[in-house]
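Since the structure comes first, as structure tokens, the remarks are kept for the end.
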Amino acid sequence: MSERPTVSSAEIERVFREEHARAVAVLVRRFGDIDLAEEAVQDAFAAALRRWPDDGLPPRPAGWIITTARNRAVDR
């Protein structure tokens, strides 16, 4: 049985610093609402904090964040 890789909060913080602005920009272009985009991206990073430490870093963290944020924005 193989162990899942763990992700530290420092790694998630790095992804946040590197990808937050781009993720917000992508959602603003998609939805035309900066408040909605910022809230959805924050929700996505909160979900990452809950999931990634146990599940491991996804192959494309920025894509995971943008997809999750887009889904959250659509749900609203």
Inset, instruction - Within the range 46-57, identify whether any single residue is modelled with pLDDT of 95 or more, crowded, with 16+ Cβ neighbours inside 10 Å and not small (Gly, Ala, Ser), and answer yes or no. - result: no
Legend entry - Scope the range 43-60; condition of a type outside the set (D, E, K, R) and out of contact with any Asp or Glu (no Cβ under 7 Å at 6 or more places or on another chain); matching residues: Ala44, Phe45, Ala46, Ala47, Ala48, Leu49, Trp52, Pro53, Gly56, Pro58, Pro59
Inset, instruction - State the number of residues belonging to the range 27-76 that are farther than 18 Å from Ser9 by Cβ and among the aromatic types (Phe, Trp, Tyr). - result: 1
Inset, instruction - Six or more apart or on different chains, Cβ under 8 Å: which pairs go from a residue in the range 23-34 that's within 10 Å of Ala69 (Cβ to Cβ) to one that's among the acidic types (Asp, Glu)? Could you list them? - result: Val24/Glu38
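Hey, can you tell me all the residues within the range 40-50 that are in contact with a helix residue (DSSP H, G or I) (Cβ under 9 Å, 6 or more places away or on another chain) and either small (Gly, Ala, Ser) or in contact (Cβ under 8 Å) with a residue 12 or more places away in the chain (or both)?
First pass over the range 40-50, keeping only residues in contact with a helix residue (DSSP H, G or I) (Cβ under 9 Å, 6 or more places away or on another chain): 40-45, 47-49.
Correct list: Ala40, Val41, Asp43, Ala44, Phe45, Ala47, Ala48, Leu49.
The values are calculated or read from the model by the stated rules, or taken from the named source; none is laboratory data. Just so it is clear, the structure is predicted and the values come from calculations on it, not from any experiment. Counting neighbours? That spans all protein chains shown, and the Cβs are built from the backbone with ideal geometry, glycine included.
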